[in-house]
Amino acid sequence: MDEKKLAIIATKGTLDWAYPPYILASTAAALGYEVEIFFTFYGLQLVRKDLSVLKVSPLGNPGMPMKMPFGPDWFKNISWNIPNIIQAGIPGYENVATALMKQTIKNSGVASIPDLRDLCVESEVNMIACQMTVDLFGMDKADFIDGITEWAGAATYLDNAQTSTVNLFI
Amino acid sequence: MDEKKLAIIATKGTLDWAYPPYILASTAAALGYEVEIFFTFYGLQLVRKDLSVLKVSPLGNPGMPMKMPFGPDWFKNISWNIPNIIQAGIPGYENVATALMKQTIKNSGVASIPDLRDLCVESEVNMIACQMTVDLFGMDKADFIDGITEWAGAATYLDNAQTSTVNLFI
Amino acid sequence: MDEKKLAIIATKGTLDWAYPPYILASTAAALGYEVEIFFTFYGLQLVRKDLSVLKVSPLGNPGMPMKMPFGPDWFKNISWNIPNIIQAGIPGYENVATALMKQTIKNSGVASIPDLRDLCVESEVNMIACQMTVDLFGMDKADFIDGITEWAGAATYLDNAQTSTVNLFI
């Protein structure tokens, strides 16, 4: 197989789940793949101009490691096991978790979502946004980035997927 | 590639995650794909006769846009940011969120899940249900739709996936 | 197509979402597939030596059936509808849900995660762990199983996916 083509459907709209599509797409583009991402459902949050809406929620995700991104090593190495009641009881808790994750990402030298997204656009990743979702949630197209190459639906996605060598639903 | 075949594993059992498998499957069938959905884990909820069990939960999903599906535009355009504590504290909150989403879907002219599922069955989508999950959760086969074409396991799924041009784990 | 190759990205770190990668990988290996799993993000929890960290959370997952794995049939057949407030309000609730699910799995004769994982390692499933995630969350490599065949990144995953006949993002 000589052609290399990656087609991703990005359906989740949180900070943590923004990484897989953007890391895989930018890496694939660098390796010479033709790449497209079809943003649909909550995934449309990933192509908004304002990415500050992206948050993480440890609520209902007992698989999320929670560590502090600052302080001495003994402090950073504690795995905080924060009961759901405390998470649910503090209205701003998701903001705290989001800030902690952003700082952790910065400290470890991993690129931020805005940087990875810019990289995808510069690498000519085909960014397709789902027209039906925009209609469904009454979103305003002016809120989305210029890098979107097409507004389309499931039929367009399937056409692209059919000729791809790697298909992923994220 | 002349053949077009889509194989989906549907593993989630909520109202919002019922859309991707049924929209993609019915669209693909209309485009001439051979289509199969393998319903497993929580995804078995999607082939129950009684679909009223399908709900959405904004809890732990900060990516979910929450807007009111009625009233004047200025009212509908507010993004409600409902703290988790309020969501968690009202036992019927998921029912409210589910009703809001159903009304939003109806208002925007998007088909309902029962309609999309009927369309899949009429389009001869191969609906395969996971035998192991039924045994695991002690479910009653009488609760599932007649449209199920086969009760099978992972080996059957893999056989189908191996000959598909598009594979998706939803 | 004569070759059969399955490439999975495992990204979730809870007890329930540990099943799909390990069941599909071990089944595929038994059917003669070449198999690889790329463990990344929360999915790295699945290759820890200590699997007792794996939990399930019904919180925010209204699709999860909750039944008691013991007692007379009339008792086991009740679908418990436990409000989120009670779940969130009891710090140990996820431990209870986890214990209930483990007992349910044991009662129905389904293999445990440690057993399925051992089976994968014995079947020579290629277990690749994501180096970036380990760096990001400050994990200690000593905490992971010896069965890991390689520490690598997205480029290695894509190379494997490109030559696979079935690709799944779990």
Residue list for region A:4-40, filter: among the acidic types (D, E) and within 10 Å of another protein chain (Cβ to nearest Cβ):
A:D16
In region C:139-170, anything away from chain A (no Cβ under 13 Å), among the aromatic types (F, W, Y) and assigned to a helix (DSSP H, G or I) is listed as none
Selection from region A:1-19 of residues surrounded by fewer than 21 Cβ atoms within 10 Å (Cβ to Cβ) and modelled with pLDDT of 95 or more yields A:K4, A:K5
Can you tell me which residues in region A:8-46 are within 24 Å of A:D143 (Cα to Cα) and in a strand (DSSP E or B)?
A:I8, A:I9, A:A10, A:V35, A:E36, A:I37, A:F38, A:F39
Take the residues in region B:139-170 that are crowded, with 18+ Cβ neighbours inside 10 Å and of a type in the set (G, A, S); name whichever of them is farthest from B:I23 (Cα to Cα).
B:A154
With the condition kept exactly as written, say whether any residue in region C:117-138 is crowded, with 18+ Cβ neighbours inside 10 Å, part of a loop (DSSP other than H, G, I, E, B) and more than 8 Å from every other protein chain (Cβ to nearest Cβ).
yes
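The values are calculated or read from the model by the stated rules, or taken from the named source; none is laboratory data. Just so it is clear, the model here is predicted, and its values are computed rather than measured. All Cβ positions, even for glycine, are placed from backbone atoms using ideal geometry, and neighbour counts span all protein chains on display.
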